[in-house]
Every structure is written in C-alpha cells, then in structure tokens.
Amino acid sequence: MKIKKGDTVLIIRGKDRGKQGKVVKALPKENRIIVEGLNLVKKHVKPKRAGEKGRIIEISAPLDVSKVKLICPLCKQPTRVGYTFINDEKRRFCKKCKGSFN
Ligand SMILES: [Zn+2]
C-alpha cells in the first residue's frame with residue numbers, strides 16, 4: 001500500500017473532503033487507513049457497570065485509500081506516489097517533486 005502509518009493525507013472524497021490528517025493506522029489487507037480525527041462516526045457505548053449510563057462517542061472509521069491523496073513530506077503538496085529503487089531499497093517517490101522518501 002502506498003500510504004503508511006504516520007503519513008499526512010488530504011481527503012478528496014466524502015464529507016471530510018479538503019481536510020488533512022495524520023494516518024494513525026494502515027490496514028493493507030482492506031486497502032484502508034484510519035486518519036486521526038477524521039471520518040468520525042458515532043458509536044454507542046454500553047454501560048459497563050450497573051448504575052452507569054451508556055454514552056455516545058465519536059471514533060475515526062477506516063477510510064478507503066482511494067479517497068485520500070498523500071501530502072508529500074518534501075514539497076508539502078498533495079501528490080500521487082510511485083515506487084523507485086535506490087541501492088536495491090524500495091522507496092516511495094513524489095510524482096510532483098520527484099523526491100524520494102520511505
Ligand atoms: Zn513532493
């Protein structure tokens with residue numbers, strides 16, 4: 001997957017379109033990511049003990065990687081990512097500035 005944990009992404013589709021956030025979890029098997037503070041969904045939490053009230057909390061739901069663009073760590077622009085090999089090491093590169101990064 002071209003997007004990894006720790007990347008900053010721009011959301012290009014859906015209700016959070018135009019917002020940026022940090023990837024806190026990558027789910028390569030599902031081609032999805034979780035972006036900190038974005039794609040929030042309400043979740044009901046049942047009371048754990050008698051006398052406690054149930055609550056509604058907001059959590060970040062996984063988002064399809066096709067709905068985001070990577071913000072290049074070098075040129076800070078939303079970009080598409082390619083792969084390149086430098087000294088047999090697979091690295092990602094930015095199609096805008098051609099810079100490579102891991
Ligand atoms: Zn770049």
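Per-structure values
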{"item": "Test: residue in region 64-87 that is out of contact with any Ser or Thr (no Cβ under 8 Å at 6 or more places or on another chain), polar (S, T, N, Q) and within 16 Å of the ligand (Cβ to nearest atom)", "result": "yes"}
{"item": "Scan of region 77-94 for residues that are surrounded by fewer than 11 Cβ atoms within 10 Å (Cβ to Cβ) and assigned to a loop (DSSP other than H, G, I, E, B), ordered by number", "result": "87, 88"}
{"item": "Flag if residue 97 is within 12 Å of the ligand (Cβ to nearest atom) and closer than 13 Å to residue 4 by Cα", "result": "no"}
{"item": "Residues satisfying the stated conditions in region 25-48, i.e. closer than 24 Å to residue 93 by Cβ and not polar (S, T, N, Q)", "result": "25, 26, 27, 28, 32, 33, 35"}
{"item": "Residue within region 5-19 that is in contact (Cβ under 8 Å) with a residue 12 or more places away in the chain, in contact with a Ser or Thr (Cβ under 9 Å, 6 or more places away or on another chain) and within 14 Å of the ligand (Cβ to nearest atom) present", "result": "no"}
{"item": "Odd one out for residue 97, checked against (1) surrounded by 13 or more Cβ atoms within 10 Å (Cβ to Cβ); (2) hydrophobic (A, V, I, L, M, F, W, C); (3) touching a Lys or Arg at 6+ places or on another chain (Cβ under 7 Å)", "result": "(3)"}
{"item": "From the options 57, 3, residue that is among the hydrophobic types (A, V, I, L, M, F, W, C) and either surrounded by fewer than 11 Cβ atoms within 10 Å (Cβ to Cβ) or modelled with pLDDT under 95 (or both)", "result": "57"}
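The values are calculated or read from the model by the stated rules, or taken from the named source; none is laboratory data. Given the structure is predicted, the values throughout are model-derived calculations rather than measurements. Positions of Cβ are generated from backbone atoms using ideal geometry, with glycine treated the same way; all protein chains shown enter the neighbour counts.
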